[in-house]
1. Say we look at segment 25-54 and pick out the residues that are among the aliphatic types (A, V, I, L, M) and surrounded by fewer than 20 Cβ atoms within 10 Å (Cβ to Cβ); which of these is nearest to residue 107 (Cα to Cα)?
2. Take the residues in segment 111-131 that are at positive phi and small (Gly, Ala, Ser), then tell me which one is modelled with the highest pLDDT.
3. Counting only residues that are more than 18 Å from the chain's Cα centre (by Cα), surrounded by 15 or more Cβ atoms within 10 Å (Cβ to Cβ) and aliphatic (A, V, I, L, M), how many does segment 136-162 have?
4. Residue 129 fails exactly one of the following numbered conditions: (1) farther than 28 Å from residue 185 by Cβ; (2) surrounded by fewer than 14 Cβ atoms within 10 Å (Cβ to Cβ); (3) within 14 Å of the chain's Cα centre (by Cα). What is the number of that condition?
5. Looking only at segment 80-126, filter to residues that are in a loop (DSSP other than H, G, I, E, B), under 30 Å from residue 57 (Cβ atoms) and not charged (D, E, K, R); which one of those is least open to solvent (accessible area, probe 1.4 Å)?
6. With (1) within 18 Å of residue 126 (Cβ to Cβ); (2) surrounded by 14 or more Cβ atoms within 10 Å (Cβ to Cβ); (3) of a type outside the set (Gly, Ala, Ser) as the list, and residue 22 as the residue in question, which single condition is left unmet?
7. Could you tell me whether any residue of segment 158-165 is under 30 Å from residue 89 (Cα atoms) and basic (Lys, Arg)?
8. Suppose we filter segment 148-186 for residues that are in contact with a strand residue (DSSP E or B) (Cβ under 8 Å, 6 or more places away or on another chain) and over 15 Å from residue 18 (Cα atoms); how many remain?
Amino acid sequence: MWSTGYRFELLTADGSPANDMMGSGAFLQYHVSDHTRIEWSFEYKEYDFEAPQRYVGLSRSSTQDSDSRTRSTLISLRVERSWGGREQCLHPLAFAGLGMGYTVIDDIRGTVNGEAFDINAEGGIETVPSCGIGIRYQRRGWAVDGGLKVERHLADWDLEDRVSGRSGEVGDYTAWGGWLGLSIRI
């Protein structure tokens, strides 16, 4: 048995490197049993990289921070386990997964406290293990689910200020938040 659907997410990384990470994506699930599913998904997230100039040592105390637009595309595989009855009821669920993503960060120019900067940022490939808990409301032929999730982004972003020659990096970070999805059986 198969199902497919679409999911919306809102995550945060506590401002380092991002606050609001909004995303969505399509998924395909294979029902191994009534309570176990394997899922393949394709997700897209867009968010602001908060104050990249701080990562190259510019103006750590400034209130004139600038943000850089960031986009991330992720392909993932996860295994989900649910508990409860077969049809037309609420089911608690838990999942664990692993994804591979590619992050693109826009360059940013500006001035902070009279000091000019022109930062080239390179995101690149990230490995993203994730886990979560939630609840599914299931009816005959369709379901709605939602819950909380945590992602660990194994990242290595490189930054270079073309004006001062300073460089910096963003390493691994954790993002957490919630999701809401709708699926139909196919």
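The values are calculated or read from the model by the stated rules, or taken from the named source; none is laboratory data. Note that this is a predicted model, so its numbers are computed, not measured. Note: ideal-geometry Cβ built from the backbone for every residue, glycine included; neighbour counts use all protein chains shown. Please note that ligands, DNA and RNA were not included when accessible areas were found on the heavy atoms of the full protein model with its side chains. Shrake-Rupley method; radii C 1.70, N 1.55, O 1.52, S 1.80 Å.
1. The qualifying residue nearest to residue 107 (Cα to Cα) is 26.
2. Our first condition is that a residue be at positive phi; within segment 111-131, this holds for 113-114, 124.
Next, only the ones that are small (Gly, Ala, Ser) stay: 114, 124.
Working: 114: 80, 124: 92.
This residue is 124.
3. Looking only at that region, the number is 2.
4. Checking residue 129 against (1) farther than 28 Å from residue 185 by Cβ; (2) surrounded by fewer than 14 Cβ atoms within 10 Å (Cβ to Cβ); (3) within 14 Å of the chain's Cα centre (by Cα), the one that fails is (2).
5. Filtering segment 80-126 for residues in a loop (DSSP other than H, G, I, E, B) gives 83-88, 106-107, 113-114, 123.
Subsequent filtering for residues that are under 30 Å from residue 57 (Cβ atoms) retains 106-107, 113-114, 123.
Right, trim to not charged (D, E, K, R) and you get 113-114, 123.
Numbers: 113: 102, 114: 78, 123: 8 Å².
Only one residue tops the list, namely 123.
6. (2)
7. Checking segment 158-165: not a single residue is under 30 Å from residue 89 (Cα atoms) and basic (Lys, Arg).
8. 21
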